[in-house]
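The values are calculated or read from the model by the stated rules, or taken from the named source; none is laboratory data. It should be emphasised that the depicted structure is a prediction, and the values quoted were computed from it without experimental measurement. Using ideal geometry, Cβ is built from the backbone for each residue, glycine included, and neighbour counts are taken over all protein chains shown.
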Amino acid sequence: MKDINLKFFTITKYEQIIILLTIIIPLLFYDSPYMQGLFIFIMMWVVLGSSWNLLAGYTGQVSFGHAAYFGIGAYAAGLPFMHWGISPWWGLLTGGITAVVLGYLLGIVVFKLRGPYFALGTLATAEILRIIFGQEEWLTNGHNGILYVTTWVDKYPYYFIIWAIALATVFSVKALMKSKAGFYFLSIREDEDAAKAIGINTHKYKNISMAVSTFWAGTAGAFYMIYMGFIDPEVVFALHNISIITILVGIIGGVGTIWGPAVGAIIMVLVQELFRSAFFGLAPQWISKVHALVFGLLVIFVILYMAGGVVGDWDLIVKKFRKFRLKKATK
């Protein structure tokens with residue numbers, strides 16, 4: 001197997017193996033809708049984590065409000081169906097575009113802020129949208145939500161749709177980071193004032209990063225509406241279940257790495273499901289109530305011992321593992 005050289009980037013042999021595995025492994029669980037559902041959510045979190053990573057990990061604009069773009073994408077798919085009977089599948093196009101418009105309007109304000117003030121600005125936006133969409137029942141049906149009868153009972157079509165979206169997200173980020181814009185993103189992340197001093201239009205390139213990031217987050221939200229068949233403001237604009245988990249996916253996998261969010265998505269979904277199911281019924285039931293605590297401890301461990309995340313510190317992890325094995329063998 002050889003590397004595939006495309007115009008904007010190279011698909012390495014390792015990435016080709018990953019692509020093949022993500023096709024083959026789900027097929028091995030054809031008779032398990034439960035496992036198929038897990039694979040779907042892993043891919044959805046790959047999209048969200050990679051979109052957040054572009055804006056926060058590569059451009060240095062740490063967002064705490066990615067639920068705003070996810071939620072607006074979900075409602076861009078749901079509202080036309082609710083009011084005019086238009087298929088939510090159109091949301092795979094309109095969800096991303098609507099999120100880009102929201103991101104651009106938000107950027108006019110929040111890009112004037114930096115650091116924690118930027119993060120709080122994005123967080124406030126998601127919370128404001130959650131309240132508005134919950135109160136304005138004439139527009140959104142409020143907390144009753146929007147219900148849609150899903151197209152297929154079989155989960156495989158949904159898996160390969162979100163699989164394609166996830167690959168498009170990852171490789172669009174990779175292509176962007178290989179371009180001139182990618183170098184400008186890194187310059188803004190390292191020192192925005194210095195980037196301005198050498199003539200980089202920082203506002204323009206922050207908007208480019210925001211546009212790509214919000215497009216994929218909005219597309220993930222639209223897919224969620226199509227797949228789940230139900231949305232309400234408390235779910236799609238949730239700080240803890242969307243924004244915070246998106247950040248954890250990036251941190252655990254590796255901020256500022258191409259495949260870090262994918263690894264983070266696998267870890268987060270599997271850990272969450274293990275504790276939610278009390279290790280598939282093998283552990284006491286109270287275990288299902290402490291998954292948030294486990295996430296917190298996991299993040300603390302990563303920050304203390306693997307600041308670059310699993311992918312970012314992979315060489316260090318391998319080195320320590322080899323050292324441990326050698327030490328054990330010599331005893």
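Taken together, His143, His203 contain a single residue that is touching a residue at least 12 places away in the same chain (Cβ under 8 Å), within 26 Å of Pro80 (Cβ to Cβ), in a helix (DSSP H, G or I) and more than 21 Å from the chain's Cα centre (by Cα), which is His143. Only one of the numbered conditions (1) over 23 Å from His291 (Cβ atoms); (2) in contact with a Lys or Arg (Cβ under 8 Å, 6 or more places away or on another chain) is violated by Lys180, and that is (2).
Which one is surrounded by the most Cβ atoms within 10 Å (Cβ to Cβ), of the residues in the stretch 195-232 that are farther than 30 Å from Pro157 by Cα and touching a Gly at 6+ places or on another chain (Cβ under 9 Å)? The selected residue is Lys206.
For Ala99, indicate whether it is surrounded by 14 or more Cβ atoms within 10 Å (Cβ to Cβ), small (Gly, Ala, Ser) and out of contact with any Asp or Glu (no Cβ under 9 Å at 6 or more places or on another chain). So Ala99 passes the test. For the stretch 66-118, the set of residues classified as modelled with pLDDT under 90 and assigned to a loop (DSSP other than H, G, I, E, B) consists of Phe111, Lys112, Leu113, Arg114, Gly115, listed by residue number. Residues in the stretch 159-202 that are among the aromatic types (Phe, Trp, Tyr) and within 13 Å of Val46 (Cβ to Cβ): Tyr159, Trp163, Phe171.
Every residue, every condition in (1) surrounded by fewer than 24 Cβ atoms within 10 Å (Cβ to Cβ); (2) touching a residue at least 40 places away in the same chain (Cβ under 8 Å); (3) touching a helix residue (DSSP H, G or I) at 6+ places or on another chain (Cβ under 9 Å), yes or no:
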{"residue": "Gln36", "(1), (2), (3)": "yes, yes, yes"}
{"residue": "Trp52", "(1), (2), (3)": "no, yes, yes"}
{"residue": "Gly57", "(1), (2), (3)": "no, yes, yes"}
{"residue": "Gln61", "(1), (2), (3)": "no, yes, yes"}
{"residue": "His66", "(1), (2), (3)": "no, yes, yes"}
{"residue": "Pro80", "(1), (2), (3)": "yes, no, yes"}
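Table: residues versus (1) more than 24 Å from Phe171 (Cα to Cα); (2) over 16 Å from the mean Cα position of the chain (by Cα).
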position	(1), (2)
Ser32	yes, yes
Ile40	no, no
Trp52	no, no
Tyr75	yes, yes
Phe81	yes, yes
Thr98	no, yes
Ile128	yes, yes
